[in-house]
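Enquirer: First the structure, then my questions, so here it is.
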């Protein structure tokens, strides 16, 4: 039995189940992806701007560009509960304090 597990097979509290961490991405893979990213983006733009493209394909291309231009928006929800029974639901990151 591995040292990070109990006799019943459960992880020992406070001991990592993956002590080596995530494996590093190989440099040749990173270089290949980097070399193909601009041509891939150009192809996505070509599909999006082609008047003969299907509307669903245009939408998916536009969505892809919007999602990765500034990073995908975080999906989060903050909940708070007042002791007097009031309940407030905040959608988003909770930084907007408008009531």
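Enquirer: For the structure I just gave you, tell me whether residue 83 is at pLDDT below 95 and not in a loop (DSSP other than H, G, I, E, B).
Expert: No.
Enquirer: Does any residue in the range 39-58 that is exposed (fewer than 12 other Cβ atoms within 10 Å of the Cβ) come within less than 9 Å, Cβ to Cβ, of a residue that is in a loop (DSSP other than H, G, I, E, B) six or more places away or on a different chain, and which pairs are these?
Expert: 46/53
Enquirer: Hey, does the range 9-28 have a residue that's assigned to a helix (DSSP H, G or I), without any contact (Cβ under 8 Å) to a residue 60 or more places away in the chain and over 20 Å from the mean Cα position of the chain (by Cα)?
Expert: yes
Enquirer: Next up: Can you name every residue in the range 39-72 that is in a loop (DSSP other than H, G, I, E, B) and either touching a helix residue (DSSP H, G or I) at 6+ places or on another chain (Cβ under 8 Å) or at pLDDT 95 or above (or both)?
Expert: Selection gives 50, 51, 52, 53, 54.
The values are calculated or read from the model by the stated rules, or taken from the named source; none is laboratory data. These numbers come from a predicted model, not from an experiment. All Cβ positions, glycine included, derive from the backbone under ideal geometry; neighbour counts span all protein chains shown.
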